[in-house]
Amino acid sequence: MDKKKITITSIAMIVLLVIAFAGYSHFNKNADLLNVDSSAVDWNGKKNKETESQEATIAIPGFEKVTLKAEETKQEVNFHNPEINDCYFKLSLIHPNGSVFWTSDLIEPGKGMYAIELEEALSAGEYEDAVLKYECFSLTDQSPLNGSEINLKLVVV
């Protein structure tokens with residue numbers, strides 16, 4: 001008879017634990033959910049801000065590689081300052097070792113460089129981790145703005 005009582009008591013305890021765990025899980029499942037923002041509205045594309053001063057952004061063209069001619073200082077490129085920018089660009093082409101191959105003067109929005117002259121001719125080869133550095137300056141007072149450095153591969157053929 002003691003065995004029967006122990007078995008019944010054990011089964012009852014297991015059933016109670018299962019019921020307790022199920023109840024806890026059911027009532028606690030909403031505790032981990034995030035709230036949905038009720039102030040959000042249907043999105044219909046970019047909406048213009050109603051303020052006078054909008055934050056300006058600078059469009060920086062990206063490059064994975066630039067191809068140059070070996071043993072020549074005059075090079076053909078396609079560097080430009082997008083017309084949508086409200087700033088000047090100053091570009092520099094930098095060797096992976098940090099030496100500067102070429103630096104432009106200020107380039108106005110909508111203008112570009114198709115021909116440049118390097119400080120020195122390059123030997124044929126691939127130069128991983130070269131940099132095209134963009135320095136940006138205000139159109140009004142030429143004060144420095146944000147810039148960017150684009151890591152690229154120089155392919156010299």
Exercise. First select every other residue whose beta carbon is under 14 angstrom from the beta carbon of K153; then total the charges, Lys and Arg +1, Asp and Glu -1.
Key: -3
Exercise. Beta carbons within 10 angstrom, averaged per residue: use that to sort the peptides 112-118, 126-132, highest first.
Key: 126-132, 112-118
Self-check item: Amide H partners (placed H, <5 Å) of L122, local residues excluded
Solution: E71, E72
Quiz prompt | Cβ-defined net charge surrounding N85, 12 Å radius [Lys, Arg +1; Asp, Glu -1] | solution = -2
Quiz item: In terms of modelled amide H atoms, which long-range or inter-chain residues lie less than 5 Å from the amide H of L145?
Solution: C136, F137, S138
Quiz item: Residues with amide H under 5 Å of V77's amide H, sequence separation 5 or more or different chain, H placed in the peptide plane at 1.01 Å from N; which?
Solution: A115, I116
Quiz prompt | Residue-count net charge about T73 - beta-carbon cut-off 14 Å; Lys, Arg +1, Asp, Glu -1 | solution = -4
Quiz prompt | Protection proxy ranking, peptides 5-11, 102-108, average beta carbon neighbours within 10 Å, highest first | solution = 102-108, 5-11
Quiz item: Cα gyration tensor of the range 48-146, axes a ≥ b ≥ c as square roots of the eigenvalues: rounded (a/c below 1.5), prolate (a/b > b/c) or oblate?
Solution: prolate
Exercise. Provide the per-residue ³J(HN,Hα) series for the range 67-81, in order, calculated from phi with Karplus coefficients 6.51, -1.76, 1.60 and θ = phi - 60°, each as a whole number of Hz, with x at glycine and proline positions.
Key: 9, 10, 8, 6, 6, 9, 8, 7, 10, 9, 9, 9, 9, 8, 10
Quiz item: What nm value, rounded to one decimal, do you get for the distance between E72 and I84 when each label is placed 7 Å out toward the C-beta?
Solution: 3.4 nm
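Since every read-out is calculated from the coordinates, none of them should be taken as a lab result. Not measured: the values here are computed from a predicted model. So basically every Cβ, Gly included, is an ideal-geometry build from the backbone, and we count neighbours across all protein chains shown.
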